[in-house]
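Q: Structure incoming, see below.
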């Protein structure tokens, strides 16, 4: 008996458990959609469309996961995305340089991140209030820039927007016999790169481990010699920077700036992180889970639309219902584990 | 007694009310410099022929009514649970829809019917509040996440109740609720806020709710060991917020005479949380002062009206609001206070040192 105890495998950590549940649910849901709804779900293009449409949401969710692991919150991400889209469109339409517009996007994101980080970590103001102010500011600035929708007309940018990565062996044959390759936008590559980079940061880099320590227990991590203030500062800077990138990806997808762009994105991003197994209390989370959380959330919406429930209110009611399910599931699973730990 | 109090205030002992009061004072001074006639209050006849009070100050106090009512409930939730309810705007849309739906059923609108409609709205809002509360108190989910569910689907439920339409209600009683009761020059929403404030005061005076809420917020497990039912207190805070939501929703509906599920009290959850924070309450729970939150609500409204008076368009107001909020919270932050205090001390010492040196030279 003793021996079997010794070689018992290390149990899954909370993060991994929640992430595994999410991935399983995503796969099951997608398979069910394939079986019952058929249609688009049988083509691989559906999956790529899912990625194409939500590349910016994935990027934003990565940033939010970092902040949430550190025990904070950033609700300005959607508004910053919208501001970046609008300012880049206006800059490009005035005959700006393509490369400079990318720098502009990164700069705006970084500036928001720096200000948030400074106010939250060095002046110790509640993150909710600071990022709420950031959200108000970014939304207000967007409408100050332009109330009317702006369409990008810059030639270089249009070329960049049109550029798509084609994967011939994943395509499908259209009705007229032509082979249509699966198309993936550049934004998806950017998003996947962001996910991988954030994964490496959180897993193997000192600062990344610091986020977990800080979110888990601030006092202990301070005693362990982690510079808590700087770590928190970095988490918000990263979130801001990722919002900037997301803005540019959003622009590459839509090609136009609008004052209502990315409305409610922050809540979608928070929901994605939660579905992916990140806890708002901090210390628990995984960016791969977030990635699948985003896919799960958007797949639900797609399934609702393709099963014929076209009324706009069905989408949000089912999203709310699924959110409720995931949140309750997490709560029950985590509590059960705690009970098991205690009895062991 | 009075002298002690005054001395305390003079020493800067206003405590958490200092920030909102300073903010109001700054806004008043700014407005007086900008336009001395800004706060003029006049008596005039409105369209219905009533003698009513009019002026910027009245529109500030009147316009902040919904926000003030919501801020009261939000303070309680924040204090008990250490988190915020972000679904109040959506829940108010649901409550407003129920209110209108009941009024529209059957012909004619009587006083009794309005009362029944309001009661129904209250009950529905309390049910949704207890749903949020159950998630928070029983399933131990962070409040922001738990209320994210209703935030996502609340307005769609309101849409479903109305069948997608934006029905209007026109009745002298509803008009009286939204603007003025004939013969009383004070706007009715303001009277409702005063009534709610008194209700909360009585609640705190005659029950131990305030003490219990604070102890649950400061240390839940310690409160539980002391025999306080923490689950019930948390649940109760959400149910009380539900009542506030129904009141705010009904005021909002009466003001316009119609229910628009998309725009009714849009984004008010953020303003309500902001009001709580400006009122000096910790968003992490624990000690709280409802009066601070109410003043916070008026600060926000005064800021908005001031910006409108300065011809800032309604969509751009947010950007300027953000700047003022940041300035306010920076001034209120403990680190800034400490640094500023040290800086002032240095200046004082530096002056003294300079004087001493000067004296030596002489």
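For every residue, the table says whether it meets (1) more than 14 Å from every other protein chain (Cβ to nearest Cβ); (2) in contact with a strand residue (DSSP E or B) (Cβ under 8 Å, 6 or more places away or on another chain).
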position	(1), (2)
A:81	yes, no
A:90	yes, yes
A:94	yes, no
A:109	yes, no
A:125	no, no
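Q: A further question on this structure: Whether any residue in region B:318-332 is surrounded by 21 or more Cβ atoms within 10 Å (Cβ to Cβ) and part of a loop (DSSP other than H, G, I, E, B) is what I want to check.
A: no
Q: Okay, next question. Under 6 Å between Cβ atoms, at least 6 apart or on separate chains: pull out the pairs that start in region B:142-159 with a residue that is in the same structural domain as residue B:245 (by TED's automatic domain parsing) and under 10 Å from residue A:323 (Cα atoms) and end on any residue that is crowded, with 24+ Cβ neighbours inside 10 Å and at pLDDT below 90.
A: Partner pairs satisfying both residue conditions: B:145/A:274; B:149/A:323.
Q: With respect to residue A:200, is the statement that it is at pLDDT below 85, more than 17 Å from residue A:78 (Cα to Cα), away from chain B (no Cβ under 14 Å) and surrounded by fewer than 17 Cβ atoms within 10 Å (Cβ to Cβ) true?
A: Values: at pLDDT below 85: no; more than 17 Å from residue A:78 (Cα to Cα): yes; away from chain B (no Cβ under 14 Å): yes; surrounded by fewer than 17 Cβ atoms within 10 Å (Cβ to Cβ): yes.
Taking the combined requirement at face value, the residue does not satisfy it.
Q: Next question. Yes or no: region B:166-184 includes at least one residue that is within 21 Å of the chain's Cα centre (by Cα), outside any helix (DSSP H, G or I) and crowded, with 17+ Cβ neighbours inside 10 Å.
A: Going through region B:166-184, the residues within 21 Å of the chain's Cα centre (by Cα) turn out to be B:177-179.
With outside any helix (DSSP H, G or I) added as a condition, the list becomes B:179.
Imposing the further condition that a residue be crowded, with 17+ Cβ neighbours inside 10 Å reduces the set to B:179.
Yes, region B:166-184 contains a residue that is within 21 Å of the chain's Cα centre (by Cα), outside any helix (DSSP H, G or I) and crowded, with 17+ Cβ neighbours inside 10 Å.
Q: How many residues does region A:306-336 hold that are under 22 Å from the mean Cα position of the chain (by Cα), modelled with pLDDT under 80 and farther than 23 Å from residue A:278 by Cβ?
A: 1
Q: Out of contact with any helix residue (DSSP H, G or I) (no Cβ under 9 Å at 6 or more places or on another chain) and either in a helix (DSSP H, G or I) or surrounded by 24 or more Cβ atoms within 10 Å (Cβ to Cβ) (or both): does that describe residue B:112?
A: Details: out of contact with any helix residue (DSSP H, G or I) (no Cβ under 9 Å at 6 or more places or on another chain): yes; either in a helix (DSSP H, G or I) or surrounded by 24 or more Cβ atoms within 10 Å (Cβ to Cβ) (or both): yes.
So residue B:112 fits the description; yes.
Q: What are the residue pairs meeting all of these: first residue in region B:209-231, first residue within 15 Å of residue B:290 (Cα to Cα), second residue part of a helix (DSSP H, G or I) and at pLDDT below 90, Cβ atoms under 8 Å, and 6 or more apart or on different chains?
A: That search, which allows pairs on different chains as well, returns nothing.
Q: Let me ask something else. Just one of the numbered conditions (1) surrounded by 12 or more Cβ atoms within 10 Å (Cβ to Cβ); (2) more than 29 Å from residue A:46 (Cβ to Cβ) is not true of residue A:341; which one?
A: (1)
Q: How many of the residues making up region B:185-223 are buried (at least 17 other Cβ atoms within 10 Å of the Cβ) and not in a helix (DSSP H, G or I)?
A: Summing the residues that are buried (at least 17 other Cβ atoms within 10 Å of the Cβ) and not in a helix (DSSP H, G or I) in region B:185-223 gives 1.
Q: For the list (1) closer than 30 Å to residue A:219 by Cβ; (2) assigned to a helix (DSSP H, G or I), I need the number of the one condition that residue A:89 fails.
A: So the condition that residue A:89 fails would be (1).
Q: Can you name the helices (runs of 4 or more DSSP H) wholly within region A:229-344 that have at least 1 residues being over 21 Å from residue B:151 (Cα atoms) and within 11 Å of another protein chain (Cβ to nearest Cβ)?
A: On the way: elements: A:265-275, A:287-306, A:312-343.
Here the list reads A:312-343.
Q: Could you look through region B:75-109, keep only residues that are touching a residue at least 40 places away in the same chain (Cβ under 8 Å) and not in a helix (DSSP H, G or I), and pick out the one that is surrounded by the fewest Cβ atoms within 10 Å (Cβ to Cβ)? Spell out the reasoning first.
A: Here is the first cut: in region B:75-109, the ones touching a residue at least 40 places away in the same chain (Cβ under 8 Å) are B:75-101, B:103-104, B:109.
From what is left, the residues that are not in a helix (DSSP H, G or I) are B:82-87, B:109.
Working: B:82: 20, B:83: 23, B:84: 22, B:85: 31, B:86: 26, B:87: 30, B:109: 18.
Taking the candidates together, the pick is B:109.
Q: Can I ask one more? Output the residue which, of all residues in region B:305-337 that are more than 7 Å from every other protein chain (Cβ to nearest Cβ) and in contact (Cβ under 8 Å) with a residue 40 or more places away in the chain, is nearest to residue B:64 (Cα to Cα).
A: Going through the qualifying residues, I end up with B:305.
Q: Name the residue that is farthest from the other protein chains (Cβ to nearest Cβ), counting only residues in region A:127-159 that are touching a residue at least 12 places away in the same chain (Cβ under 8 Å), surrounded by fewer than 15 Cβ atoms within 10 Å (Cβ to Cβ) and part of a helix (DSSP H, G or I).
A: A:156
Q: To continue, here is another question. Please determine whether any residue of region B:156-164 is within 14 Å of chain A (Cβ to nearest Cβ) and loosely packed, with under 14 Cβ neighbours inside 10 Å.
A: If we filter region B:156-164 for residues that are within 14 Å of chain A (Cβ to nearest Cβ), which is where we start, we get B:156-164.
Still in the list and also loosely packed, with under 14 Cβ neighbours inside 10 Å: B:163-164.
Within region B:156-164, one or more residues are within 14 Å of chain A (Cβ to nearest Cβ) and loosely packed, with under 14 Cβ neighbours inside 10 Å.
Q: Could you pull out the residue among B:116, B:169 that is at pLDDT 85 or above and either closer than 24 Å to residue A:311 by Cβ or out of contact with any strand residue (DSSP E or B) (no Cβ under 9 Å at 6 or more places or on another chain) (or both)? Walk me through it before giving the result.
A: Numbers: B:169 fails: either closer than 24 Å to residue A:311 by Cβ or out of contact with any strand residue (DSSP E or B) (no Cβ under 9 Å at 6 or more places or on another chain) (or both).
So the residue among B:116, B:169 that is at pLDDT 85 or above and either closer than 24 Å to residue A:311 by Cβ or out of contact with any strand residue (DSSP E or B) (no Cβ under 9 Å at 6 or more places or on another chain) (or both) is B:116.
Q: Next question, about the same structure. Going through region B:31-50 one residue at a time, which ones are in a helix (DSSP H, G or I) and surrounded by 14 or more Cβ atoms within 10 Å (Cβ to Cβ)?
A: B:31, B:38, B:39
Q: What residue, among those in region A:9-50 that are touching a strand residue (DSSP E or B) at 6+ places or on another chain (Cβ under 7 Å) and part of a helix (DSSP H, G or I), is nearest to residue A:298 (Cα to Cα)?
A: Taking region A:9-50 and keeping what is touching a strand residue (DSSP E or B) at 6+ places or on another chain (Cβ under 7 Å), we get A:43-45, A:48.
Narrowing the set further to residues that are part of a helix (DSSP H, G or I) leaves A:44-45, A:48.
Values: A:44: 16, A:45: 15, A:48: 12 Å.
Filtering region A:9-50 for residues that are touching a strand residue (DSSP E or B) at 6+ places or on another chain (Cβ under 7 Å) and part of a helix (DSSP H, G or I), the one nearest to residue A:298 (Cα to Cα) comes out as A:48.
The values are calculated or read from the model by the stated rules, or taken from the named source; none is laboratory data. Note that this is a predicted model, so its numbers are computed, not measured. Backbone-built Cβ (ideal geometry, glycine too); neighbour counts: all protein chains shown.
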